[in-house]
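One structure is given here, and the rest of the page talks about it.
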Amino acid sequence: MARLVENALFFFDAARYHLHAWVVMPNHVHVLFTPEVGYTLSVILHSWKSFTASQANRLLGRYGRFWQEEYFDRYIRNQKHYLIVIDYIESNPVTAGLSGRKEDWPFSSAGWGARAGSAGIPARS
């Protein structure tokens, strides 16, 4: 399921938004992105949630709500805040005790450098 969610994040990267950082955890997801002109936060989140819920429910043989309705957004104030948020997102698996190093969590932008050039991995800018 984590790979399904991660691939959904990649799908419209550079078309509807620009991904900066993400982590897919067992029970939640953190994503830092900039919407492209003409795409709102709610439209982008609906697209991710709708597609992944449909696919996950099909794979799990279930139906009904998959994601919580609400989400939390933050305004990035400056470069320092931007870097703090990226570190917070990518360190989530370590904080939760799921990984010893953030780079080792397979469903995160933290390991981009090691995976650069892999199919499906967007380029970091």
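The values are calculated or read from the model by the stated rules, or taken from the named source; none is laboratory data. Quantities reported herein were computed from a predicted structural model and do not represent experimental measurements. Quick reminder, even Gly has a Cβ in these numbers, built from the backbone with ideal geometry, and neighbours come from all protein chains shown. Ligands, DNA and RNA are excluded from the accessible area calculation, which covers all protein heavy atoms including side chains. Shrake-Rupley method; radii C 1.70, N 1.55, O 1.52, S 1.80 Å.
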**Asked** How about the stretch 52-81: which of its residues are open to solvent by 80 Å² or more (accessible area, probe 1.4 Å) and either more than 17 Å from residue 1 (Cβ to Cβ) or under 14 Å from the mean Cα position of the chain (by Cα) (or both)?
**Response** 69, 70, 71, 72, 73, 74, 75, 77, 78, 79, 80
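Residue 10: open to solvent by less than 60 Å² (accessible area, probe 1.4 Å), closer than 27 Å to residue 96 by Cα and in contact with a His (Cβ under 9 Å, 6 or more places away or on another chain), yes or no?
No, not satisfied.
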**Message:** Residue under question is residue 36, and the condition is that it be among the charged types (D, E, K, R), at pLDDT 95 or above and either surrounded by 10 or more Cβ atoms within 10 Å (Cβ to Cβ) or on the phi < 0 side of the Ramachandran plot (or both); does it hold?
**Reply:** yes
**Item:** Complete set of residues in the stretch 1-30 that are touching a helix residue (DSSP H, G or I) at 6+ places or on another chain (Cβ under 9 Å), outside any helix (DSSP H, G or I) and free of Cβ contacts under 8 Å to residues at least 60 places away in the same chain
**Value:** 1, 12, 16, 17, 28, 29
**Request:** Name every residue in the stretch 31-74 that is farther than 25 Å from residue 92 by Cα and not in a helix (DSSP H, G or I), in order of residue number.
**Result:** 36, 37, 38, 39, 40, 61, 62, 63, 64
**Members of the stretch 9-30 that are under 20 Å from residue 92 (Cα atoms) and out of contact with any strand residue (DSSP E or B) (no Cβ under 8 Å at 6 or more places or on another chain)** = 25, 26, 27, 28
**Message:** Of all residues being aliphatic (A, V, I, L, M) and in a helix (DSSP H, G or I) in the stretch 87-113, which is surrounded by the most Cβ atoms within 10 Å (Cβ to Cβ)? Just the residue, please.
**Reply:** 110
